[in-house]
1. Would you say Asp575 is within 27 Å of the chain's Cα centre (by Cα), surrounded by fewer than 16 Cβ atoms within 10 Å (Cβ to Cβ) and free of Cβ contacts under 8 Å to residues at least 60 places away in the same chain?
2. For Glu594, only one of the following conditions fails: (1) in a loop (DSSP other than H, G, I, E, B); (2) at pLDDT below 95; (3) touching a strand residue (DSSP E or B) at 6+ places or on another chain (Cβ under 9 Å). What is its number?
3. Going by what's in this entry, would Val239 be described as under 26 Å from Gly180 (Cβ atoms), touching a Lys or Arg at 6+ places or on another chain (Cβ under 9 Å) and not aromatic (Phe, Trp, Tyr)?
4. Condition check: closer than 20 Å to Gly359 by Cα and either without any contact (Cβ under 8 Å) to a residue 24 or more places away in the chain or assigned to a loop (DSSP other than H, G, I, E, B) (or both). Does Asp585 satisfy that?
5. Please count how many residues of region 597-617 are part of a loop (DSSP other than H, G, I, E, B) and more than 18 Å from the chain's Cα centre (by Cα).
6. Tell me the strands (runs of 3 or more DSSP E) entirely within region 119-232 that contain at least 2 residues that are out of contact with any helix residue (DSSP H, G or I) (no Cβ under 8 Å at 6 or more places or on another chain) and surrounded by fewer than 22 Cβ atoms within 10 Å (Cβ to Cβ).
7. For region 442-453, state whether one or more residues are more than 30 Å from Trp633 (Cα to Cα) and in contact with a His (Cβ under 8 Å, 6 or more places away or on another chain).
8. Would you mention how many residues in region 529-546 are buried (at least 23 other Cβ atoms within 10 Å of the Cβ), out of contact with any His (no Cβ under 6 Å at 6 or more places or on another chain) and over 30 Å from Asp368 (Cβ atoms)?
Amino acid sequence: MKTLFAVIIGLAVAAPASADSDSSTSSRLGTLGHIGWVHSVAFSPDGTTLAAYSGDNTVFLWDIASQKQLATFKEHVDPSIFSRAFSARSVAFSLDGTLLAAGEGNTVILRDVASQKRLEILEGHAGLVRSLEFSPDGTTLASGASDNTVALWDVASRRQRATLKGHVDSVQSVAFSPDGTILASGSSDNTVALWDVARRGRLATLKGHTGTIFFVAFSPDGTTLASGSSDNTIVLWNVASRKRLATLKGHTGIVFFATFSPDGTTLASGSYDRAYNNTVTLWDVASRKQRASLKGHNVTFAAFSPDGTTLAFGARDGGVLLWRPPSPSRQAETDPSTDDGTDPSTWKQQATLQGNGAGVQTVAFSPDGTMLVSGDDSVILWDVESQRRLDTLQGHEARVQAPAFSPDGTTLASGGDNTVVLWDVAKKSQRATLKGHKSRVQATAFSPDGTTLASGADDNTVILWNVAKKKRLATLKGHADWVQAVAFSPDGATLASGSSDNNVILWDVESRKPLTTLKGHADYVLSVAFSPDGATLASGSSDNNVILWDVESRKPLTTLKGHTGNVYSVAFSPDGTMLASGSSDDNVILWNVESRKPLTTLKGHTGWVQSVSFSPDGTMLASGAEDGTVLLWRSFSQ
């Protein structure tokens, strides 16, 4: 895995490959040289020729097989400094491969590919031409420009057919649907417009981005549209319903291109991820997961060859990089390994949810996995699929410490001040406020049947509540310091509580009496969790360790050591094979429960990780941290 990744990074500085170079030993095919920033690349329909437009005001035609230069065109028809310096310089082949269009300044230049002669200069825009595309039948050329318009040109007569007006800022990208009936345009006004090509009217405006949309692309079957934006995301849209299908998050900079593979299974996107000197990400379209991330080679634009076997990248430092992307079966080969030698392709960061700015104290998935709750200075409900905020619930006078869903998902409990608030999830409103603690509530947990709620607080007690009647059932006293964590066993018969007295107490829920005190930690016990079968209890502590306890014998099974800071949260996966632990070392460690060894370390937070939670199906993990974010991690092995 490391070998292939190193080869990709090396492309940015490699010398041009010779015609007889052997590309069979790696995914590198060659590097085609320019002397300026390559702004745009396009394959001819038969895949034999590549056109590239660069900052040296030159269009190069390359023969793909030999990687030799076929022709060079100087297209700077406007000698002004403004035009030369700021032209978007886009190129596009007609679908029959006979014509090449290039944007220069406020004009579009048409050339005959065979004779390499200039046929026409199309004038009509009042701003820089930023994007070009031929219709599938080759009769129409669309151009988008900084004058906020899209121009439709008749290719045969080389006259302007129509001007599409509606955007209120620069048009950055245009794309025809595969059947040619719809044109999409992305703009600096943060919207995507869908246009009826025949009637030349707007069909819909797609809103969802919070920044300039730099690229739009239709899937080969025409059912999906991808848009890339300066908000660092890619949105997939259902073309028929005009609704958002998904938001792809993972880039840390402006997404400046997105393009589908010819078979529609892969989406390639490029971003100004400064930490990695630009990143290209390959996404699996069906699962919406990252397939590979290629970092460090100054990529500015990309295009798939018609057969999907080659990706051509334009680079800021000059040159076109040819690369053979991995097939899905070779996905693991392109993922770099973690420092500890484990395979990071198992879990990858999928999204970042930004809270209200305060540290995230806790996270929890709803029982059906469709929602996520996080607590900072309020209770926030998130839609898991779209990663959008559903609502913000205000009701506590202090930081929210302990949101928990009822087993049926209809009720949410949260603590933070001296109270526990019960929320109606559907109505997003308060059902009741439970008062009984004399100090801050640190933890809440519902019994498996949903009839009882346990809350632990800084008054050193645990209170059991009747959920239906909203009344106190009992107060459990036994700890000598703050109660930091509570958890019910899967059968509901036992309650575990962890405390700043360094101990875990197991309680008999029916008799409400302590069964035993588990002693083994050298500092505060901050978190407790039962395994799904109820046989094992995990406890995390300020001594930086996790202890696994045998519930029946009430003896320690092992101590998991790996964190370098307080272990604030522990959670078992639904199948019980993994344990996640979050720590003040800013990391999440995933442990193999059977071998009791770390599987991998998830690094992404810049503050203490205070809560971890698995989704009900075990494919996702949420982590909340003092940096004010919730990170969503997805398993690639499910």
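The values are calculated or read from the model by the stated rules, or taken from the named source; none is laboratory data. Quick caveat: nothing in here was measured; it's all calculated off a predicted structure. Methodologically, a virtual Cβ is constructed for each residue, glycine included, from the backbone with ideal geometry; neighbour enumeration extends over all protein chains shown.
1. Working: within 27 Å of the chain's Cα centre (by Cα): yes; surrounded by fewer than 16 Cβ atoms within 10 Å (Cβ to Cβ): yes; free of Cβ contacts under 8 Å to residues at least 60 places away in the same chain: yes.
It is true that Asp575 is within 27 Å of the chain's Cα centre (by Cα), surrounded by fewer than 16 Cβ atoms within 10 Å (Cβ to Cβ) and free of Cβ contacts under 8 Å to residues at least 60 places away in the same chain.
2. If we test Glu594 against (1) in a loop (DSSP other than H, G, I, E, B); (2) at pLDDT below 95; (3) touching a strand residue (DSSP E or B) at 6+ places or on another chain (Cβ under 9 Å), just (3) comes out false.
3. No, not satisfied.
4. Answer is yes for this residue.
5. Residues in region 597-617 being part of a loop (DSSP other than H, G, I, E, B) and more than 18 Å from the chain's Cα centre (by Cα): 4 in total.
6. Result: 149-154, 159-165, 191-196, 201-207.
7. no
8. Number of matching residues: 0.
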